[in-house]
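Novice: Below you'll find the structure I mean.
The values are calculated or read from the model by the stated rules, or taken from the named source; none is laboratory data. Model, not experiment: these values are computed from the prediction. No Cβ is skipped: glycine too gets one built from the backbone with ideal geometry, and neighbour counts run over all protein chains shown. These area figures cover heavy atoms from the full protein model, side chains too; ligands, DNA and RNA do not enter into them. Shrake-Rupley method; radii C 1.70, N 1.55, O 1.52, S 1.80 Å.
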Amino acid sequence: MSHGKDGENSDGEDATTSTSYLPQLVFFGDSITEGWNGTSFGNSPSSFRMWSSNEPTLIRETFNKHFGSNSEWGKRALRPPLILGISGSKTYDFIWRIENGEFPTSRLIESDYEVGGGEETNSSFELNRLERIYIVLMGTNNLGGGMLPEPTVQGMDAVGRKILQLHQESSPGTPAAILFSELLPRQDDHRATKMCPPRCKDLETLEPYTSFMPAIDKVNRALPGVLGGWRADYPNSKIVLLSAQKEEDGLGESEHEDSITTIRCGKEMFAIDNDDEFHSYMPDGLHPNAKGYDLWARCLKRGLEVIMEDTINLLR
């Protein structure tokens, strides 16, 4: 099966003829998202990622098993999934990317809506009109480049708002859905140490930070409020936050706050206390291997089930 514009099936099949279609999945992000292709900057990753020689093939097979055209989701999807990740991407260059051609704009479902013929947006989420789900992981490279948590949160806020804005402009009147991930835990502590100077825990003594986790935790704590703002400004959207928090950290595996749903994935988002176990999923402390992507896919599927209002069971 070959893919045309926006992942269109060029074999002449029309997914809209089915009454039980599923939306197209659009994966936006950085190297972790690009990693679903088994690549970094379009090529096989260097040895620093600590993947085995056949890891790229195993990761692609993992993606296809969970989200590809022959997966349970893919067989009913309006279009094949799009993986739009670029290694090293930060929030500000990601916004440039989607403003300059990387945002899918084709309509997948016929609509009676015409610009000027009604309200620009509906006031509630309509699942039966949902064309795409945007799966977003973005922001860890901001911290890795020395940016402080507060501007990183601002950048992540701008990312989500730009996606919703472009969706509204290209598909006016249709619902939007975002599956937005907290920053994943990372243990590439040597990179945090090397940022000093100028990014130091104590500039006078040049004491370096020894971990990214305090900054990651600060960013993640701010996200429920950020995503609640998106939902308020785009009332016909469905916003789901994927969290690395464990169930014992809160009320349960999911909770509603500020008109969004937070899913506590715990281990499925690499909240793993044992260092050896953590590195069995993320050998370099930052990028998953095939085993790690397979684990993370379960968290993503839980989010997709919530967006689809439990009309599909992906975790059987």
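Novice: For Rg/Rh (Cα atoms, Kirkwood Rh), the listed values are (1) 1.40; (2) 1.06; (3) 0.96; which was obtained by calculation from the structure presented?
Specialist: Read-out from the structure maps to (3).
Novice: Could you check what % of the DSSP bridge pairs in the chain are antiparallel, to the nearest 5? Could you put the intermediate results ahead of the total?
Specialist: Numbers: 8 of 32 bridges.
Rounded to the nearest five, the antiparallel share is 25 percent.
Novice: From Cα pairs below 8 angstrom and at least 6 apart in sequence, can you work out the relative contact order of the chain, rounded to a whole percent?
Specialist: On the way: 562 pairs, mean separation 55.4, N = 316.
Across the chain, relative contact order equals 18 percent.
Novice: Please give the net charge around THR62, taking every other residue with its beta carbon less than 12 angstrom from that of THR62, where Lys and Arg add +1 and Asp and Glu add -1. Please list the in-between numbers first.
Specialist: On the way: positive: ARG60, LYS65, LYS291, ARG298; negative: GLU55, GLU61, ASP294.
For residues surrounding THR62, the net value is +1.
Novice: Would you mind checking the tilt of helix 290-307 against the longest principal axis of the Cα atoms of the chain, expressed as 0 to 90 degrees and rounded to 10?
Specialist: Between helix and principal axis, roughly 40 degrees.
Novice: What is the percent carbon and sulfur in the accessible area of the range 18-77, measuring with a 1.4 Å probe over the protein chains and ignoring ligands?
Specialist: Working: 1400 of 2760 Å².
Whole-percent figure for carbon plus sulfur exposure: 51.
Novice: If you don't mind, another one. With Cβ to Cβ distances under 13 Å as the rule, what net charge do the other residues near SER89 carry (K, R +1; D, E -1)? The partial results should precede the final answer.
Specialist: Values: positive: LYS90, ARG97; negative: ASP30, GLU34, ASP93, GLU102.
That works out to -2.
Novice: If I fit a long axis through the Cα atoms of helix 55-67 and take the longest principal axis of the Cα atoms of the chain, what angle between them do I get, 0 to 90°, rounded to 10?
Specialist: 40
Novice: Rolling a 1.4 angstrom probe over the protein heavy atoms, how many square angstrom per residue are accessible across the chain?
Specialist: Working: 14370 Å² over 316 residues.
So the chain comes to 45 Å² accessible per residue, rounded to a whole number.
Novice: Roughly to the nearest percent, how much of the accessible area of the range 144-216 is carbon and sulfur, given a 1.4 Å probe?
Specialist: Details: 1710 of 3130 Å².
So the carbon and sulfur contribution to the accessible surface is 55 percent.
Novice: Looking only at Cβ-Cβ distances, which cysteines of the chain have no other cysteine closer than 4.7 Å?
Specialist: Lone cysteines by the Cβ rule: none at all.
Novice: How charged is the neighbourhood of ASP157? Take every other residue with its Cβ under 12 Å from the Cβ of ASP157, and add Lys/Arg as +1 and Asp/Glu as -1.
Specialist: Local charge sum for ASP157: 0.
Novice: Suppose every Lys and Arg Cβ carries +1 and every Asp and Glu Cβ carries -1, with no other charges. What dipole size does the chain come out with about its Cα centre, to the nearest 20 debye?
Specialist: Working: 31 positive and 48 negative charges, 110 e Å.
The dipole magnitude comes to about 520 debye.
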